[in-house]
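Novice: The following block contains the structure, expressed as structure tokens.
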Amino acid sequence: MEFEVKTEENSYNIEAYVKEIGQDLLVALWGGERPHIGAVAMAQPRPSLRDSNLTSSTASVFCYPGHKDDIVAKEAALKISSALNRNVTVTAGIHWDNIDEAAISRVIGNSRRLITMIIERIAAEKDKP
């Protein structure tokens, strides 16, 4: 499985490339005026510490100095990994010049929408006969 998705909001759209590698997933997230790789997060599913009947995830993150992409990369890796019960590696690089707090909130919201789109697409593929 391999596909691309993107948000279709009025502004601050984020894009993703998703590639299945064996049972693992590689996800690249980017957006803005200067897309790049600012951070990498790797997540592995495990039983939840609160309820062992639920799946959670644990993650490790690497971030280049001066970048804040680790926030998006880690959240994406954790959510995708726990939702799909798979190892997931996410790269993230999102940059707009001179954005304010409201714009940052829209970027975070769009990244969360994109994560949901990825999970739903992979879950739908899994359910196909």
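Every number here is computed from the coordinates shown, using simple stated rules; none is lab data. None of the values given here were measured: they were computed from a predicted structure. Don't worry about glycine lacking a Cβ; one is built from the backbone with ideal geometry, like all the others, and counts go over all protein chains shown.
Novice: What is the sum of charges around GLU2, taking Lys and Arg as +1, Asp and Glu as -1, for the other residues whose C-beta is under 10 Å from the C-beta of GLU2?
Specialist: -1
Novice: Further question: Against the longest alpha carbon principal axis of the chain, how many degrees, from 0 to 90 and to the nearest 10, is the axis of helix 70-84 turned?
Specialist: It is inclined by approximately 30 degrees.
Novice: Also: Enter the angle in degrees (range 0 to 90, nearest 10) between the Cα long axis of helix 101-127 and the first principal axis of the Cα atoms of the chain, meaning the one along which they spread out most.
Specialist: It works out to around 30 degrees.
Novice: Using Cα pairs closer than 8 Å and at least 6 residues apart in sequence, work out the relative contact order for region 17-112, in percent.
Specialist: Averaging sequence separation for qualifying contacts and normalising by length gives 35 percent for region 17-112.
Novice: Using +1 on the beta carbon of Lys and Arg, -1 on that of Asp and Glu, and nothing else charged, what's the dipole of the chain about the Cα centre, debye to 20?
Specialist: Numbers: 15 positive and 18 negative charges, 86 e Å.
Charge dipole, the chain, about its Cα centre: 420 debye, nearest 20.
Novice: Follow-up question, since we're still on this one. Could you tally the net charge around ILE108, taking each other residue with its Cβ under 14 Å from the Cβ of ILE108, Lys/Arg +1 and Asp/Glu -1? List each step's numbers first, then the result.
Specialist: Working: positive: LYS68, LYS74, LYS79, ARG106, ARG112, ARG113; negative: GLU9, ASP69, ASP70, GLU75, ASP100, GLU101.
In short, 0.
Novice: Still on this structure: Could I have the simple spin-label model distance between THR55 and ILE99, label points 7 Å from Cα toward Cβ, reported in nm to one decimal?
Specialist: The modelled label-to-label distance comes out at 3.0 nm.
Novice: Rounded to the nearest 0.05, what FRET efficiency is calculated for GLN44 and LYS6 with R0 set to 25 Å and r the Cβ-Cβ distance? Provide the component values of the computation, followed by the final result.
Specialist: Details: r = 27 Å, r/R0 = 1.07.
Step by step, r from the Cβ atoms, then E = 0.40.
Novice: Give me a comma-separated list of calculated 3J(HN,Hα) values for region 31-44, in order, Karplus coefficients 6.51, -1.76, 1.60 applied at θ = phi - 60°, integers in Hz, x for any Gly or Pro.
Specialist: These are the phi-based 3J(HN,Hα) values: x, x, 6, 9, x, 6, 10, x, 7, 10, 10, 10, 10, 10 Hz.
Novice: Under 5 Å between amide hydrogens, which residues at least 5 positions from SER57 or on another chain qualify, with H placed 1.01 Å from N in the peptide plane?
Specialist: ARG46
Novice: Here are several values of Rg and Dmax of the Cα atoms in Å: (1) 14.6, 48; (2) 13.7, 39; (3) 23.1, 88. Which one was derived from the coordinates shown?
Specialist: (1)
Novice: Just going by the charge dipole of the chain, with Lys and Arg at +1 and Asp and Glu at -1 on Cβ, which of ILE94, LEU54, VAL40 is farthest out on the positive end?
Specialist: LEU54
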